[in-house]
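Okay, so here's the structure we're looking at.
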Amino acid sequence: MNNRNNIRQWLNPMEQEVVKDTKKEDVDVGTKVEINNISLNEYSENINITKGGEYNITGEFKNSIIVDSTEKVKLNLNKVTIDSQITAAIANKNKGELVINLVENTTNILKDNGSSEFDGCIFSEGKITIEGEGTLKVYGNQIEGEGIAAETNDITINGGNIYIESADDGLNSGGDGGIITINDGNIFIKANGDGIDSNKDLIINGGTVYTIGSSIGGDAGIDTDGRFEINGGEVIALGS
């Protein structure tokens, strides 16, 4: 039996590896940026936004945008591609609101990798608001990672064409719970966990929502711990 175990370990060394989350405090905040027009092509490490305000983001890189402000920060995504290698593509580590505006007629692609306590491709300790007329494609590739996640806070979607694929939940308000509100937009979610998971309430007032949760393990297209209201829009949810 020991020989078989040794052979299996030799053939599959990753099978024996214990993957640990990168702690929030261990994520390199990178270069502090104070200009309002940011071209990601100019940076070879994470960038750090510490002041509230509006920032116009263009270009692409393989790092992360780290937001650390108690004030509201608005990111205007204009043909942005982020393929972060070890943590969230965009991580808001403070309690200020994070607003992501999708510039009209643009496609923006966000991907994350690795395993970290910023466990969503878009992760926020504060409120998240997504708006605009552009397209956002989110790929939550972290181990047990989510597409868009707020830790004990609200998520509001006011517009945009949003496509999410995730290793775990697609849209998640975790911790002690926040309210997920969808007012408008076209949203498609394909998740290996729950499609939409609110630890508090989910309210859909408009827009089009297609959400597919995992077909195994008891996950659902929609999962809420509180109330669930559909006041308008079109909703299709599938899961096990």
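The values are calculated or read from the model by the stated rules, or taken from the named source; none is laboratory data. Every value quoted in this text rests on a predicted model; they were computed, and no experiment measured them. Ideal geometry is used to build each Cβ from the backbone, glycine not excepted, and the neighbour counts take in all protein chains shown. When the accessible area is computed, the model is the full protein with side chains, heavy atoms only, and any ligands, DNA or RNA have been set aside. Shrake-Rupley method; radii C 1.70, N 1.55, O 1.52, S 1.80 Å.
Solvent-accessible area assigned to carbon and sulfur over the stretch 107-237 amounts to 40 percent, based on a 1.4 Å probe. Shape class of the stretch 61-151 from the alpha-carbon gyration tensor: oblate, with a/c at 1.5 or above and b/c at least as large as a/b. The alpha carbon gyration tensor of the stretch 72-206 gives principal lengths a ≥ b ≥ c with a/c below 1.5, which makes the shape rounded.
Ranked by the mean number of other Cβ atoms within 10 Å of their residues, highest first, the peptides 181-192, 215-226, 22-33 come out as 181-192, 215-226, 22-33. Local charge for I164 was computed over the other residues whose Cβ lies under 14 Å away, with Lys and Arg +1 and Asp and Glu -1, and equals -4. Charge tally for T152 (other residues, Cβ to Cβ under 13 Å; Lys, Arg +1; Asp, Glu -1): -2. The local environment of E54, defined by Cβ-Cβ distances under 10 Å, has a net charge of +2 under the rule Lys, Arg +1 and Asp, Glu -1.
Taking every C-alpha pair closer than 8 Å and separated by at least 6 residues, the mean separation divided by the residue count of the chain gives a relative contact order of 11 percent. Once a ≥ b ≥ c are taken as the square roots of the eigenvalues of the Cα gyration tensor of the stretch 101-155, is the result rounded (a/c under 1.5), prolate (a/b larger than b/c) or oblate (a/b not larger than b/c)? Oblate. Let me test this: with uniform point scatterers at the alpha carbons of the chain, what is the Debye-based log₁₀ I(q)/I(0) at q = 0.12, 0.16, 0.17 1/Å? Here log10 of I(q) over I(0) equals -0.63, -1.07, -1.19.
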